[in-house]
Amino acid sequence: MIFDNIKRAGLYYSLGEKITKALQYLSQTNFANVEPGKYEIDGQEIFAIVQTYNTKPLSVSKWESHKNYIDIQYIVAGQEKIGYTESSKAFVVQEYNPEKDCTIYKGNGNFLTAEEGHFAIFFPSDIHMPSIAINIPKEVKKVVMKVKVDKVEEPATEENMTYETPKEENLTQESADKSSQ
């Protein structure tokens, strides 16, 4: 997860061409008069969802993650809390829905305040909870950039990690090489 102000978007251009294109779109577009809706930037590879909504209480909010898209959530107007957590602090309550590109979780995490001009980048391994009210529900205008990932990978866990044990012959050769130096 990355959290910053759009004024420093250039710091993240090294993350790839698609993220660069999405961040440039956010920093170069005046969203004041842009109506809510979906806007294609590069077909289904990069698109923007402009939203206006009232933030909601933490008690009805849900943790989520995505497999096929990176979320870049940018606050145009208003402010909200956004939660973030690790997979070790959450458990799945709704299995992955490919139509919505979303898995739903319950768990615990940390929260930050996103104000006008802030953006957060959530990668597929980042579990997040957006749209949370600060004290009372208030209107927010947000743009969610969806950036298609090139390769879908499962987050590393103890169960899916593999370890290679060095072969004895390599150890012997390595020891011989060191002793001859």
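The values are calculated or read from the model by the stated rules, or taken from the named source; none is laboratory data. Here the structure is a predicted model, which is why all the values come from computation and not from measurement. Every residue, glycine as well, gets a Cβ built from its backbone with ideal geometry; the counts of neighbours run over all protein chains shown.
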**Asked** Do the conditions hold for G107, that is, is it free of Cβ contacts under 8 Å to residues at least 60 places away in the same chain, within 17 Å of D126 (Cβ to Cβ) and not hydroxyl-bearing (S, T, Y)?
**Response** yes
**Request:** Using the structure shown, decide if S88 is of a type in the set (S, T, Y) and loosely packed, with under 15 Cβ neighbours inside 10 Å.
**Result:** yes
**Request:** Go through (1) more than 15 Å from M129 (Cα to Cα); (2) surrounded by fewer than 21 Cβ atoms within 10 Å (Cβ to Cβ); (3) touching a residue at least 40 places away in the same chain (Cβ under 8 Å) one by one and return the number of the condition G43 breaks.
**Result:** (3)
**Prompt:** Is one or more of the residues making up the range 38-55 touching a Lys or Arg at 6+ places or on another chain (Cβ under 8 Å), under 29 Å from F91 (Cβ atoms) and assigned to a loop (DSSP other than H, G, I, E, B)?
**Reply:** yes
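What about F119, is it under 23 Å from G10 (Cβ atoms), of a type in the set (F, W, Y) and modelled with pLDDT of 95 or more? Full working, then the answer.
Values: under 23 Å from G10 (Cβ atoms): yes; of a type in the set (F, W, Y): yes; modelled with pLDDT of 95 or more: yes.
Spelling it out, F119 is indeed under 23 Å from G10 (Cβ atoms), of a type in the set (F, W, Y) and modelled with pLDDT of 95 or more.
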**Item:** Pairs, first over 15 Å from E99 (Cα atoms) in the range 66-77, second crowded, with 22+ Cβ neighbours inside 10 Å and among the charged types (D, E, K, R), C-beta under 7 Å, six or more apart
**Value:** Q73/K142; Y74/K142; I75/K142; V76/K142
**Request:** Could you please let me know if E95 is surrounded by fewer than 20 Cβ atoms within 10 Å (Cβ to Cβ), at pLDDT 95 or above and outside any strand (DSSP E or B)?
**Result:** no
